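Undergrad: Before we start, here is the structure in question, set down as structure tokens.
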Amino acid sequence: MLRTFFFAFALFFVGCGSHLGVTFKQQEESYIQATRKTELIVADRVQIVLIATHLNAFNAQDYPHQKGEFFFIDAYQSRQNGKTLFENGYTLSLENGEKPLKITQLSREELQDFMQENATKWGEYYLVEFAPQNQFVQNSLQLFITHKEYGSNFLKFGFKALNKESLRDKN
């Protein structure tokens, strides 16, 4: 009887483990899909590498569109002069020209879950918040990084999520 109990108990945890693994994999996939990378290169030298994750697309429960558009920014500047990204003249905006409402610099220790796992070890980290955007802007959402000497580049986040059921029907 005791052996049966331990077997059932172990089987329960094996089942839970596989379920947790699937959930973790889905979250990781969602994080990757919500992340973009760009660079500003001048005279064959990378000035900045910017990796941005659209947190609304990754976790709509914690970052609902009604409260704003939220981005996790991981930036690496090649010019190591002790100044932050924004002190060195970089700016962020949306395609419609809107500037962030709030920019919060984060330490690596403050990063959570996938942010900490995927963040570069040498980067600067920021939580960037924009005002809520209408559906049209959300559907074509683009984040611009600009510098007066190095130019600008954009990260396109507006995309329609793929419906896996319709993909199966086409194959």
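Undergrad: Given a cut-off of under 8 Å on Cα pairs at least six residues apart, what relative contact order in percent is computed for the range 25-171?
TA: Answer for the range 25-171 is 25 percent.
Undergrad: Using protein chains only and a probe of 1.4 angstrom, how many square angstrom of residue 76 are accessible, to the nearest 10?
TA: Roughly 80 Å² of residue 76 is accessible to a 1.4 Å probe.
Undergrad: Could you order 69, 117 so the one with the most accessible surface comes first? Probe is 1.4 Å.
TA: Reading off the accessible areas and sorting them downward yields 117, 69.
Undergrad: Projected area of the range 54-118, taken from the Cα convex hull and averaged over every viewing direction, in nm²?
TA: 5.6
Undergrad: Separation between the residue 138 and residue 120 pseudo-spin-labels, each 7 Å from Cα along Cα→Cβ, expressed in nm?
TA: My value for the distance between the label points is 3.1 nm.
Undergrad: Quick one: length gained pulling residue 131 to residue 104 fully straight, 0.36 nm per residue minus the C-alpha distance?
TA: My answer for the length gained is 8.2 nm.
The values are calculated or read from the model by the stated rules, or taken from the named source; none is laboratory data. Everything numeric here is computed off the predicted structure, so don't read it as measured data. Glycine also receives a Cβ, built like all others from the backbone with ideal geometry; neighbour counts cover every protein chain displayed. Areas reflect the complete protein model, heavy atoms only, side chains present, ligands, DNA and RNA absent. Shrake-Rupley method; radii C 1.70, N 1.55, O 1.52, S 1.80 Å.
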